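> Quick one: the structure is below, and I'll ask about it shortly.
The values are calculated or read from the model by the stated rules, or taken from the named source; none is laboratory data. Since this is a predicted model, take the numbers as computed values, not measurements. All Cβ positions, glycine included, derive from the backbone under ideal geometry; neighbour counts span all protein chains shown. Keep in mind that these areas ignore ligands, DNA and RNA; they rest on the heavy atoms of the full protein, side chains included. Shrake-Rupley method; radii C 1.70, N 1.55, O 1.52, S 1.80 Å.
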Amino acid sequence: MSKKHFLRGLRDGIPIGLGYFAVSFGIGISAHNAHLSIFQGFLLSFLNNASSGEYGGITIIAADSGLWAIALMMLVVNARYLLMSCALSQRLSPDTPLPWRLLIAYDLTDEIFGLAIAQPGYLEVWYYFGTMCAAMPGWSIGTVLGVLMGNLMPVWAVSGCSVMLFGMFLAIIIPVGKQNRIVLGCIGVSFLCSLLASVLPFTRELSEGMRILVLTIVISAAAAILFPHKEDDLVA
């Protein structure tokens, strides 16, 4: 049974891995510009599967800032993963061992979270491990190749690779939205609020990660209050 779930997760994670492979080229190029070695670029992506967090970290490294500045920036930019961890923990079976929970938390990304949270009932941990095994190599290998490429890639190519990540994420959330009008409405409201937050005087001064964190708390809390689900829906 675990093999079946693992292979299904591996299959579903291949598109994510391919998207990560393309997007991480840009991260690799940024790492090259910050004078990081190939091994350092690989290690950075292997330990931190977050594009915004890595870009921010590389920027601070290039500015020769201190360790406290890097730690604080990582905490702010990646704070939304705390919320994702809380949400995903509710989808795990109560008897899930702690080491497996820690392994899931290690590679909790937006795209893998989208796949995992869309699964009916309790999440099969071996399904999640399968998606990890498909996604993680693409992220790290793409970064390594980006470091090797350096500044050889034109700007339009790097921008095109970045857009692919958004397209991949849309491919995850849109099918779920088609099945549930409430989810689709929340997606639309999220897009609108994200746009407004990027232009309004106060919220536009916040970092991208902080805006995502605030919007996630507000929208998810409002949806939970206005459209509560029954406990039977979780274990169905």
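> With each pseudo-label sitting 7 Å past Cα toward Cβ, what's the Leu67-Ser37 distance in nm, one decimal?
1.9
> Now, a different point. Working out 0.36 nm times the residue gap between Val214 and Gln119, then minus their Cα-Cα distance, what length gain in nm do you get to one decimal?
Result: 31.7 nm gained on full extension.
> 7 Å from Cα along Cα→Cβ at both Phe202 and Ser93: what's the point-to-point distance in nm?
Modelled inter-label distance: 4.6 nm.
> Report the extension gain between Ala222 and Trp100 in nm, rounded to one decimal, defined as 0.36 nm multiplied by the number of residues separating them, less their alpha carbon distance.
Result for the pair: 40.8 nm of gain on full extension.
> Based on the Cβ-Cβ distance from Ser194 to Leu7, what FRET efficiency comes out when R0 is 35 Å, to the nearest 0.05?
Efficiency at R0 = 35 Å is approximately 0.50.
> In addition: Ignoring ligands, DNA and RNA, what accessible area per residue does segment 1-126 give at 1.4 Å, in Å²?
52
> What's the carbon and sulfur percent of segment 61-107's accessible surface, probe 1.4 angstrom, rounded to a whole number?
74
> Compute the relative contact order of segment 50-111 as a whole-number percentage, counting only Cα pairs closer than 8 Å that sit 6 or more residues apart in sequence.
It comes to 35 percent, rounded to a whole number.
> Could you tell me which of rounded, prolate or oblate describes segment 64-154, using a ≥ b ≥ c as the square roots of the eigenvalues of the alpha-carbon gyration tensor, with rounded for a/c under 1.5 and, failing that, prolate when a/b is larger than b/c and oblate otherwise?
Taking the square roots of the gyration eigenvalues as a ≥ b ≥ c, segment 64-154 is oblate.
> Which three extents, in angstrom, do the Cα atoms of segment 1-96 have along their principal axes, listed largest first?
Sorted largest first, the three principal extents are 49, 27, 17 Å.
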